[in-house]
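Data block below; observations after.
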Amino acid sequence: APVFAVAGKGRGNLPGRAGRQGGRAQGMGGLGDLLGGGALHGDVTAAANGSVQALVFQRGEVTTVSDTSITLKSSDGFVGTYGRTAATRSRGAALVNGGQAFVLARASDKVAITALAMPAMMGAAPSS
């Protein structure tokens, strides 16, 4: 698993903050603050196995999902669409319309690296 060191800015209830060197206890290698915190969406710069990557993240309600893309709507109204490829890792339950999810994607092309189905969570957009 890659080791991430994270610094960035989040948008939502909790501003982004500098991360720690990743480890098992932090889940997703140092991105645990994003998963467990109140940040809804934002940008991070992560060092992964010696390479620096610009990434974006978002948590919210799945409004559209297919084999090639996923669209989320955060509780502040922000909508983001991310590509999905065979390399996109999916964890948790299946991604379904109306479900909650967290997406971590490359900033350069908005292709998801990881898409996590999540239980109902703080900051999720209500169904419309």
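The values are calculated or read from the model by the stated rules, or taken from the named source; none is laboratory data. What you are looking at is a predicted structure, and each value in this text was computed from that prediction instead of being measured. Note: ideal-geometry Cβ built from the backbone for every residue, glycine included; neighbour counts use all protein chains shown. Calculation scope for accessible area: heavy atoms of the full protein, side chains included, ligands and nucleic acids excluded. Shrake-Rupley method; radii C 1.70, N 1.55, O 1.52, S 1.80 Å.
Taking the options Gly60, Gly77, name whichever one is of a type outside the set (A, V, I, L, M, F, W, C) and assigned to a strand (DSSP E or B).
On the way: Gly77 fails: assigned to a strand (DSSP E or B).
Exactly one residue qualifies, and that residue is Gly60.
For Arg89, are the conditions met, namely being open to solvent by 20 Å² or more (accessible area, probe 1.4 Å), free of Cβ contacts under 8 Å to residues at least 40 places away in the same chain and charged (D, E, K, R)? The answer is yes for Arg89.
Can you find, within segment 92-108, the residue that is surrounded by the most Cβ atoms within 10 Å (Cβ to Cβ) among those that are over 20 Å from Thr45 (Cα atoms) and over 14 Å from the mean Cα position of the chain (by Cα)?
Looking only at segment 92-108, we keep the residues that are over 20 Å from Thr45 (Cα atoms), and these are 92-101.
From the residues that got through so far, the ones that are over 14 Å from the mean Cα position of the chain (by Cα) too are 93-94, 96-99.
Working: Ala93: 13, Ala94: 8, Val96: 11, Asn97: 11, Gly98: 10, Gly99: 17.
In this case the residue turns out to be Gly99.
If the condition is being among the small types (Gly, Ala, Ser) and not in a loop (DSSP other than H, G, I, E, B), then segment 81-115 contributes Gly83, Ser90, Ala101, Ala105, Ala112, Ala115. The number of residues in segment 39-55 that are surrounded by fewer than 22 Cβ atoms within 10 Å (Cβ to Cβ) and either over 20 Å from Ser90 (Cβ atoms) or out of contact with any strand residue (DSSP E or B) (no Cβ under 9 Å at 6 or more places or on another chain) (or both) comes to 9. The condition of being in contact with a strand residue (DSSP E or B) (Cβ under 7 Å, 6 or more places away or on another chain), of a type outside the set (Lys, Arg) and farther than 19 Å from Gly38 by Cβ holds for only one of Ala86, Ala105, that being Ala105. Just wondering, is there one or more residues in segment 56-74 that are at pLDDT 95 or above, of a type outside the set (Ser, Thr, Tyr) and open to solvent by 30 Å² or more (accessible area, probe 1.4 Å)? Looking through segment 56-74, at least one residue is at pLDDT 95 or above, of a type outside the set (Ser, Thr, Tyr) and open to solvent by 30 Å² or more (accessible area, probe 1.4 Å).
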